[in-house]
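**Student:** Got a structure here, written out as structure tokens. Questions coming.
Just so it is clear, none of the values below were taken in a lab; they were calculated from the coordinates. Keep in mind that this is a model prediction, so the values were computed, not measured. Cβ placement follows ideal geometry from the backbone for every residue including glycine, while neighbour counts extend to all protein chains displayed.
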Amino acid sequence: MTYQELENQIIQLQEEGLELFNAGKSVLGKNILATHVGEYSGPQVLIQGGIHAREYITALLLVEMARNLHNNDSVKGGGIYFIFLTNPDGAQICLDGIDFLNCDITKNYLLSANNGNTDFSQYKANVNLVDLNTNFDADWGKGRQNVFCPATEDFVGFYPNSEREVLSLINFTLQTKPSLTISYHTKGNIIYYGFDNENEKNIARDQNIGESFSELTGYPLVFTENSTGGYKDWCIEKLTIPAYTFEVGDENLPHPIGIESLPEIYNRNKDVPLLALQKAIEFSKDIDFTNPFMQNINIGVKKNESNEESYCARIFSKLSRRSTDRCSNNKRW
Ligand SMILES: [Zn+2]
């Protein structure tokens, strides 16, 4: 599969009558495409996929979910947002390699991080070599697997919420005020809930809802430990809403999980969005979307339009300024 083929699968939904809109932009200026099904009044659910480059099969899973729920009478009393592919630049690097990039500085930057290997199929980060699901401002930099220099995975960024894709997701979430969020990842057939800083009452609520997801999918429900800076963590810590990470696909399958596994994954997950909405409605009195502006969340949004050319210029000045000793002890760079 090429990146264009992946993107076409999302765009195809428009021809089927679904309205597509932008949840934001990537570092290279790609649109982060989203859609909505159901009603705009009442509790909302937000489901996002593809924040890790090589996990792009989750974007296709969300395409199938949205297709199934379009004009579906069972979506009532609220609505569901789908953000198909939060990390489009990373997905393109994973699927197409780096030849599509015109900027030699960027290419060399990515190639060094990939140990000179031109096979980027295991790539997880965005084009800045930041692992987006560690970059959110929620106990940032305290995860067990975190690394602190640019790398194809696990690099938390130079500061929290530094990445355009992360800011896009944050701003979209603040605008749409979901009562519950689900992040689709691969792999392991497991559901993560909760976060260290969460209060006991909310942990009990999230466990209760999570058990219903577990029963529906057959995936075990596990409390999150030693993981920080993820979108789920941010939703729980800053917004105090229930948020889950679904790791789909058999643990024994290699990354990236091939599209031949999509039917099995879809079958196990196809009713998750409706159950999520039902739970959001059922628990609405126990879900209080905290106004994060009251908590001084760092959401500085850069207003300048970014594209590959401006990115190339920026990365050049950034790399010229980069302190080499900061990263010299880290073998990933
Ligand atoms: Zn992931």
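**Student:** Buried (at least 20 other Cβ atoms within 10 Å of the Cβ), within 15 Å of the ligand (Cβ to nearest atom) and either under 20 Å from GLU55 (Cα atoms) or of a type in the set (Asp, Glu) (or both): is that true of ASP206 in this structure?
**Tutor:** Against the criterion (buried (at least 20 other Cβ atoms within 10 Å of the Cβ), within 15 Å of the ligand (Cβ to nearest atom) and either under 20 Å from GLU55 (Cα atoms) or of a type in the set (Asp, Glu) (or both)), ASP206 does not qualify.
**Student:** Whether any residue in region 19-36 is part of a loop (DSSP other than H, G, I, E, B), among the hydrophobic types (A, V, I, L, M, F, W, C), surrounded by fewer than 19 Cβ atoms within 10 Å (Cβ to Cβ) and out of contact with any Leu (no Cβ under 7 Å at 6 or more places or on another chain) is what I want to check.
**Tutor:** Scanning region 19-36 turns up no residue that is part of a loop (DSSP other than H, G, I, E, B), among the hydrophobic types (A, V, I, L, M, F, W, C), surrounded by fewer than 19 Cβ atoms within 10 Å (Cβ to Cβ) and out of contact with any Leu (no Cβ under 7 Å at 6 or more places or on another chain).
**Student:** Right, GLU55: touching a residue at least 24 places away in the same chain (Cβ under 8 Å), among the acidic types (Asp, Glu), within 16 Å of the ligand (Cβ to nearest atom) and out of contact with any Asp or Glu (no Cβ under 7 Å at 6 or more places or on another chain) or not?
**Tutor:** yes
**Student:** For region 128-147, state whether one or more residues are among the aromatic types (Phe, Trp, Tyr), within 16 Å of the ligand (Cβ to nearest atom), buried (at least 24 other Cβ atoms within 10 Å of the Cβ) and more than 23 Å from ILE47 (Cα to Cα).
**Tutor:** no
**Student:** I've got another one for you. For region 177-193, indicate whether the set of residues that are away from the ligand (no atom under 14 Å from the Cβ) and part of a helix (DSSP H, G or I) is non-empty.
**Tutor:** Among the residues of region 177-193, not one is away from the ligand (no atom under 14 Å from the Cβ) and part of a helix (DSSP H, G or I), which makes the answer no.
**Student:** Next question, about the same structure. Across region 98-157, what is the total count of residues that are among the acidic types (Asp, Glu), over 15 Å from the mean Cα position of the chain (by Cα) and assigned to a loop (DSSP other than H, G, I, E, B)?
**Tutor:** 3
**Student:** Ok, one more. If you scan region 37-52, which residues turn out to be of a type outside the set (A, V, I, L, M), assigned to a strand (DSSP E or B) and within 16 Å of the ligand (Cβ to nearest atom)?
**Tutor:** Those that are of a type outside the set (A, V, I, L, M), assigned to a strand (DSSP E or B) and within 16 Å of the ligand (Cβ to nearest atom): GLN48, GLY49.
**Student:** Next question. Select from region 222-260 the residues that are part of a helix (DSSP H, G or I) and either basic (Lys, Arg) or over 23 Å from ASP131 (Cβ atoms) (or both) and list them in ascending order.
**Tutor:** If the condition is that a residue be part of a helix (DSSP H, G or I) and either basic (Lys, Arg) or over 23 Å from ASP131 (Cβ atoms) (or both), then LYS232, LYS238, ILE259, GLU260 are the ones that fit.
**Student:** Has region 72-84 got at least one residue that is in contact with a helix residue (DSSP H, G or I) (Cβ under 8 Å, 6 or more places away or on another chain) and within 16 Å of the ligand (Cβ to nearest atom)?
**Tutor:** Among the residues of region 72-84, at least one is in contact with a helix residue (DSSP H, G or I) (Cβ under 8 Å, 6 or more places away or on another chain) and within 16 Å of the ligand (Cβ to nearest atom), which makes the answer yes.
**Student:** Mind checking which pairs have a first residue in region 184-195 that is on the phi > 0 side of the Ramachandran plot and a second that is assigned to a loop (DSSP other than H, G, I, E, B) and of a type in the set (Asp, Glu), Cβ under 6 Å, 6 or more apart or different chains?
**Tutor:** Partner pairs satisfying both residue conditions: GLY188/GLU251.
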